[in-house]
1. Given a 1.4 Å probe, how much area per residue of the stretch 52-165 is accessible, in Å²?
2. Can you put Cys89, Cys113 in order of accessible area, largest first, using a 1.4 Å probe?
3. Leaving ligands and nucleic acids out of the surface, order Leu132, Leu157, Leu80, Leu126 by accessible area at 1.4 Å, largest first.
4. Between Thr141 and Ala83, what FRET efficiency comes out of the Förster formula 1/(1 + (r/R0)^6) with R0 = 25 Å and r the beta carbon distance, rounded to 0.05?
5. Please give the calculated 222 nm ellipticity per residue for the chain, where each DSSP H segment of at least 4 residues contributes -39500 (n - 2.57) and the sum is spread over every residue; nearest 500 deg cm²/dmol?
6. With every protein chain present, what accessible area does Arg86 have (1.4 Å probe, heavy atoms only), rounded to the nearest 10 Å²?
7. How high is the relative contact order of the chain? Use alpha-carbon pairs under 8 Å, at least six apart in sequence, and give a whole percent.
8. Return the Cα extents of the chain along principal axes one, two and three, sorted largest first, each rounded to a whole Å.
Amino acid sequence: MSYVARDDRPADKAARYAEVEAEILAVLDGEPNRTARMATVSSMLADAFPAFFWTGFYVVDEAKTDELVVGPYQGTLGCLRIAFGRGVCGTAAATRTTQIVEDVHAFPGHIACDPRSASEIVVPVLDASGALIAVFDVDATVTSAFDASDRYALEQLMGKVFAGT
């Protein structure tokens, strides 16, 4: 397998998602460990999209099932814990729906882990039984960085990577 370098990326976001999804699935083939899967997804997506300022997972805490704890990520320091219903990640966890926020500063209750974050997408991550295991969070330093194509691609990828775990 050859990894696609930044300079060789197609201009079309959907095409780039398709390429990186294939790369991620090839790297993860046969890897059952959830942490390894999360670390790989975070790393490869961060490298694939220069606009992604922070990519990572907040995992449902086994001891406090209404709270997320930071998991594998790429970027600056993340929040350590987020209660369900709090901020963009907590809202995605509580509602089990993808959240796209064009301007995080206009989002009621946004948690500013890094003030450079301007827009965000958060995708719920479900296991094979449909239980919430985490949320996948991506931040960008520009507003309106995420749209329906990001939602579709990231939801599909999370399903393929984690539905069997």
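The values are calculated or read from the model by the stated rules, or taken from the named source; none is laboratory data. Here the structure is a predicted model, which is why all the values come from computation and not from measurement. Here the Cβ is made from the backbone with ideal geometry for all residues, glycine too, and neighbour counts use every protein chain on show. To get the accessible areas, we keep the full protein, side chains included, count just its heavy atoms, and leave off ligands, DNA and RNA. Shrake-Rupley method; radii C 1.70, N 1.55, O 1.52, S 1.80 Å.
1. Working: 5010 Å² over 114 residues.
The answer is 44 Å² per residue.
2. Cys113, Cys89
3. Leu80, Leu126, Leu132, Leu157
4. Computed FRET efficiency for Ala83 and Thr141 comes out at 0.45.
5. Values: 4 runs with 55 residues, N = 165.
The per-residue figure over the chain is -10500 deg cm²/dmol.
6. Arg86 exposes around 120 Å² with every protein chain in place.
7. 20 percent
8. Rounded to whole Å, the extents work out to 40, 34, 26 Å.
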